[in-house]
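Below you'll find the structure, written out as structure tokens, and then a few comments.
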Amino acid sequence: MSIFRGSPFLRQSAALGSGGDNARAALRTQHDRVAATVRVGDAAELIDAACQLEQILAIARDTLGIRDPDTLVVEGTLAIAYLLGGVKTRGLGLAQRTLAAREQVLGPDHPVTLAAADAVAAALRVIGRPKAAARRHEEVIIRRKRVLGGGHPDTIASQVALGLARADAGDLRGAASQLSTTAATAGRVLGYDHPISTYARELLADVSRQVVTAGVRDEDECPVSFGSAAGVGDI
């Protein structure tokens, strides 16, 4: 499962409202079609998807403006396409720029801004900075609990992402504890078969095996990476 699959970056622009003129509607349709490809995270198709998104972004900036919420949605999806396609530095840079713009345009606690903040955290893990990613996820979780509530799928997804970051940072016991609690919460609130619940359990099983195999003595030993394309469903 792609680290960004189901990300609010990729959700149809309806998250920002469905009104608008024909040009906006056409751009949204184009974005959502390409975003479906990025959501799957198929490496063979990501390069083409990134090229298409670059074109859509250029049109959006020219037609809607660089700070228009729909333009920022396209930017976010392009950042994810870069990250999943291995263009990590460019992807992180664009994700950070999109976050800053969303904070200014929509406010720091708008759900779409929080999605961008969580995506930056996930991007930090992808480029090999899991401790920084964990700190970012912790901040987002606090804000999402305040804005969305502790039982919201996005909040729970951030908690799964935090477990993943802790595992990559070498804190396997901390990751296992985090994922165990989150898997239980996800199953109770979202349902046992919800994608977030399923993935939390899968990650917990992976981390638990690593703990046993590595014979972890403390949380700083035996760092483990789950790979750049691994991750949570709805960050």
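Of all residues in segment 55-93, those satisfying the criterion of being under 25 Å from V126 (Cβ atoms) and among the hydroxyl-bearing types (S, T, Y) are T71, T77, Y82, T89. Taking the conditions (1) out of contact with any Pro (no Cβ under 6 Å at 6 or more places or on another chain); (2) under 21 Å from A35 (Cα atoms); (3) surrounded by 16 or more Cβ atoms within 10 Å (Cβ to Cβ) in turn, P130 satisfies each one other than (2). Identify all residues within segment 174-209 that are surrounded by fewer than 17 Cβ atoms within 10 Å (Cβ to Cβ), at negative phi and of a type outside the set (A, V, I, L, M); write none if there are none. If the condition is that a residue be surrounded by fewer than 17 Cβ atoms within 10 Å (Cβ to Cβ), at negative phi and of a type outside the set (A, V, I, L, M), then S177, S180, T181, R188, Y192, D193, E202, S208, R209 are the ones that fit.
Scan segment 30-59 for residues that are acidic (D, E) and more than 14 Å from L84 (Cβ to Cβ) and jot them down. Those that are acidic (D, E) and more than 14 Å from L84 (Cβ to Cβ): D32, E54. Set side by side, the residues A60, A26 differ, and just one is more than 20 Å from V112 (Cβ to Cβ), modelled with pLDDT of 90 or more, among the aliphatic types (A, V, I, L, M) and in a helix (DSSP H, G or I), which is A26. The single condition among (1) hydrophobic (A, V, I, L, M, F, W, C); (2) touching a Leu at 6+ places or on another chain (Cβ under 8 Å); (3) outside any helix (DSSP H, G or I) that L53 does not meet is (3).
Within segment 58-79, the set of residues being free of Cβ contacts under 8 Å to residues at least 60 places away in the same chain, buried (at least 21 other Cβ atoms within 10 Å of the Cβ) and hydrophobic (A, V, I, L, M, F, W, C) comprises A60, L72, V74, L78. Selection of segment 41-57 for residues being exposed (fewer than 15 other Cβ atoms within 10 Å of the Cβ) and among the aliphatic types (A, V, I, L, M) yields A43, A44, I47.
The values are calculated or read from the model by the stated rules, or taken from the named source; none is laboratory data. Quick caveat, the model's predicted, so the values are computed rather than measured. For neighbour counting, all protein chains shown are included, and Cβ atoms are generated from backbone atoms with ideal geometry for every residue, glycine included.
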